[in-house]
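Quick notes on the structure that follows.
The values are calculated or read from the model by the stated rules, or taken from the named source; none is laboratory data. All of these numbers come straight from a predicted model, not from anything done at the bench. Cβ atoms come from the backbone with ideal geometry, glycine included; neighbour counts cover every protein chain shown. Note: accessible area is taken over every heavy atom of the protein model, side chains too, but ligands, DNA and RNA are not part of it. Shrake-Rupley method; radii C 1.70, N 1.55, O 1.52, S 1.80 Å.
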Amino acid sequence: MADLAGDQYGVVGLWQLERLGLSVKVVDKRVAAGRLHRVHQGAYAVGHRLLSQKGNLMAAVLACGPDAVLSHRSAAFLHGILDDGRDRVDVIAPNRRGRAPRAIKAHRDGTLTATDRAKIDGIPCTSLARTLLDIAATESASTLTYAVTQAEVEEVFDLVEVVGLLRRSRGRRGVARLRLAIEHHDSLEQEARQELEKKLIRLWKRTQIPTPEVNGHLLVDGIALMPDFIWREAGLIVEADSRRVHGTATAFEKDRLRDQRLTAAGWTVIRVTWRQVTNEPERVAQTVRTLLSNQTAR
C-alpha cells in the first residue's frame with residue numbers, strides 16, 4: 001500500500017485497497033486509527049492529510065473507479081493549456097454508479113477509446129485532442145480559442161490527432177466549434193509566437209540584458225533569414241521556439257536545417273520555449289548573459 005501511494009502522490013483508491021486484500025471493515029479501522037485519511041468517498045491519503053495539487057487530482061480520479069480519467073477543464077489544467085481555480089474536479093467515470101462525491105463533477109461518458117486516454121505525470125486523463133473536444137462542448141468559444149493557442153505554445157498540439165478525433169466523433173457536441181477553431185489555427189499559432197516574443201522582450205528588459213535586434217534580417221548562403229532576436233556583435237541568436245503544427249515533422253526539419261546553416265556561418269543559436277520562459281526565466285536570462293559575455297570576449 002505504501003509503494004502504491006508513493007507512486008500516486010500519497011493517495012489510494014478503495015478499489016485498489018480491495019485488490020490488495022483489504023476489506024471495507026479493515027479500511028474503516030485504519031481510518032479510525034489515523035493510518036488512512038478519507039479524501040473522498042472511495043479515496044484515501046496514506047499516513048497524512050496534506051496533499052499536493054496533483055495529489056488532489058489523483059484522489060478525484062481514484063474515487064471514481066479503475067476506468068476513470070481526469071477530463072474537461074481539469075484535464076486542460078493538467079495539460080497546461082487552461083487555468084482552473086474551481087473547487088470541483090472534472091472526471092469521466094464510465095462505470096461509476098450512484099452519486100459522485102461533492103467535490104467531483106463526474107461525467108458518465110461511455111465513448112472513451114484507448115486513444116482518448118493519456119497519462120500526465122502518472123495521472124490518468126483524457127488525451128489533448130479529447131480534452132479540447134470536451135472544452136469545445138462545455139466552455140465558451142473564447143476559452144476554446146485560448147486553449148488551442150496554449151496547446152500550440154506548450155508544444156503539445158497534434159493536428160493529425162485532433163482531425164482524427166473529429167472524424168470519428170461526428171454528431172457529438174463541440175465538434176463543429178472545435179473544427180472551426182483549428183481552421184483558424186495558423187493565426188492562433190502566430191498569436192502564440194508573438195506572445196512568447198513579448199515575454200522574452202520583457203525578460204531582457206527586466207534582467208538588463210542588452211537590447212537585441214527583433215526579427216532582424218540576415219543573409220546566409222544566399223538565403224534570407226529573419227531570426228527572432230539577434231545580438232550581432234556577440235554572434236548570438238535566440239529563437240522563440242513555438243512548434244508549428246501544420247506539418248510538424250516538416251517544420252521541425254526546416255528549423256533544424258536553418259539552425260545548421262546559421263551555426264556553420266559562425267552564429268550561436270539557442271531555442272527558448274514558453275515553458276522555460278514561464279517556469280525558469282532567471283535561468284534563461286543567465287544562459288543568454290553568459291553566452292553574450294563569452295562571445296563578446298572571444
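Whether a residue is surrounded by 13 or more Cβ atoms within 10 Å (Cβ to Cβ) and closer than 22 Å to residue 124 by Cα was assessed, and residue 12 passes this test. A single entry from 118, 137 fulfils the requirement of being within 19 Å of residue 165 (Cα to Cα) and either open to solvent by less than 10 Å² (accessible area, probe 1.4 Å) or assigned to a strand (DSSP E or B) (or both): 118. Per this entry, residue 28 is not counted among residues that are within 22 Å of the chain's Cα centre (by Cα) and not hydroxyl-bearing (Ser, Thr, Tyr).
Residue 103 satisfies every condition listed in (1) crowded, with 17+ Cβ neighbours inside 10 Å; (2) of a type in the set (A, V, I, L, M, F, W, C); (3) more than 12 Å from the chain's Cα centre (by Cα) except (1). Counting the residues of region 141-167 that are under 21 Å from residue 109 (Cβ atoms) and among the hydroxyl-bearing types (Ser, Thr, Tyr) gives 1. Restricting attention to region 213-227, the residues that are exposed (fewer than 14 other Cβ atoms within 10 Å of the Cβ) and touching a residue at least 40 places away in the same chain (Cβ under 8 Å) add up to 1. At least 3 residues being on the phi < 0 side of the Ramachandran plot and in contact with a Ser or Thr (Cβ under 7 Å, 6 or more places away or on another chain) is the threshold, and among the helices (runs of 4 or more DSSP H) wholly inside region 1-92 those reaching it are 72-79.
Could you list, ordered by first residue, the pairs with Cβ atoms under 8 Å in which the first is in region 73-86 and farther than 12 Å from residue 147 by Cα and the second is open to solvent by less than 20 Å² (accessible area, probe 1.4 Å) and of a type in the set (Asp, Glu), at least 6 apart or interchain? Cβ pairs passing all conditions: 74/90. Select from region 256-272 the residues that are more than 11 Å from residue 199 (Cβ to Cβ) and under 24 Å from the mean Cα position of the chain (by Cα) and write down the one among them that is modelled with the highest pLDDT. Of everything passing the filter in region 256-272, 270 is modelled with the highest pLDDT. Taking the conditions (1) open to solvent by 60 Å² or more (accessible area, probe 1.4 Å); (2) part of a helix (DSSP H, G or I); (3) modelled with pLDDT under 80 in turn, residue 205 satisfies each one other than (3). Among residues that are open to solvent by 50 Å² or more (accessible area, probe 1.4 Å), over 30 Å from residue 239 (Cβ atoms) and without any contact (Cβ under 8 Å) to a residue 60 or more places away in the chain, residue 168 is included. Here residue 53 qualifies as modelled with pLDDT under 95, under 15 Å from residue 10 (Cβ atoms) and open to solvent by 10 Å² or more (accessible area, probe 1.4 Å).
Inside region 83-116, residues that are closer than 21 Å to residue 142 by Cβ and at pLDDT below 90 make up a count of 4.
The condition of being in contact with a Lys or Arg (Cβ under 7 Å, 6 or more places away or on another chain) and of a type in the set (A, V, I, L, M) holds for only one of 63, 106, 43, 33, that being 106.
Taking the listed residues 238, 220, 214, 245, the one that is in contact with a helix residue (DSSP H, G or I) (Cβ under 8 Å, 6 or more places away or on another chain), at pLDDT 85 or above and more than 20 Å from residue 288 (Cα to Cα) is 220, with no other qualifying.
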